[in-house]
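Chemist: Okay, here's the structure, questions in a sec.
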Amino acid sequence: MLKIDLLSLPYFRNWRTFVVSFVIAPVLEILMVGLLRAQFSSISAIKSVVAISLMTAVGTLLGSLSSLFVNDQVRGVALEMAVVSPYSVKYWTSKFSVVWIVALGQVIITLF
């Protein structure tokens, strides 16, 4: 179930979307924060990079979770889970594990 959820995210459909989502977009965001930081000398550069990295990760986490749930609704899995076993630990653990893995991976790539 974890592998299916991971592969159903749009970031992993091909290598181009992965590069854009995990490398190009975060680097552009960090560059924008760097340009903003250059205007204000009191803000530390490292704190700015870590902050934007965490903000990007939270956005990715929320977007990934909603994307997984919408995909399940489109396929009819969400309705079946709501009727059969709405408190399935395996189902929800899989969803939250995938989004945490993706968000953590993005933080590691961005900070590297």
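The values are calculated or read from the model by the stated rules, or taken from the named source; none is laboratory data. Just so you know, these numbers come straight off a predicted model, no measurement behind them. Glycine gets a Cβ as well: all are built from the backbone with ideal geometry, and neighbour counts include every protein chain shown. When the accessible area is computed, the model is the full protein with side chains, heavy atoms only, and any ligands, DNA or RNA have been set aside. Shrake-Rupley method; radii C 1.70, N 1.55, O 1.52, S 1.80 Å.
Chemist: If you project the alpha carbons of the chain onto the principal axes, what extent comes out on each, in Å, largest first?
Modeler: Principal extents (Cα only, largest first): 57, 28, 20 Å.
Chemist: Using the alpha-carbon atoms, what tilt in degrees (0 to 90, nearest 10) does helix 25-39 show relative to the longest principal axis of the chain?
Modeler: The angle comes out near 30 degrees.
Chemist: Here is a follow-up. Provide the per residue accessible area, probe 1.4 Å, for the chain, rounded to a whole number of square angstrom.
Modeler: I get 67 Å² per residue for the chain.
Chemist: Among P10, L111, A57, flag the residue with its Cα farthest along the positive direction of the charge dipole of the chain, charges on Cβ as +1 for Lys/Arg and -1 for Asp/Glu.
Modeler: After comparing all options, I get L111.
Chemist: As a test of the formula, what do you get for the chain when each DSSP H run with n ≥ 4 contributes -39,500 (n - 2.57) and the sum is divided by the residue count, at 222 nm and rounded to the nearest 500 deg cm²/dmol?
Modeler: Estimated from H runs of four or more residues: -26000 deg cm²/dmol.
Chemist: Putting +1 on Lys and Arg Cβ atoms and -1 on Asp and Glu Cβ atoms, find which of G34, S85, Q73 reaches farthest to the positive end of the dipole of segment 25-98.
Modeler: Result: G34.
Chemist: Please tell me the relative contact order of segment 33-112 in percent, rounded to the nearest whole number, where contacts are Cα pairs under 8 Å and at least six residues apart.
Modeler: Reported as a whole number, the value is 40 percent.
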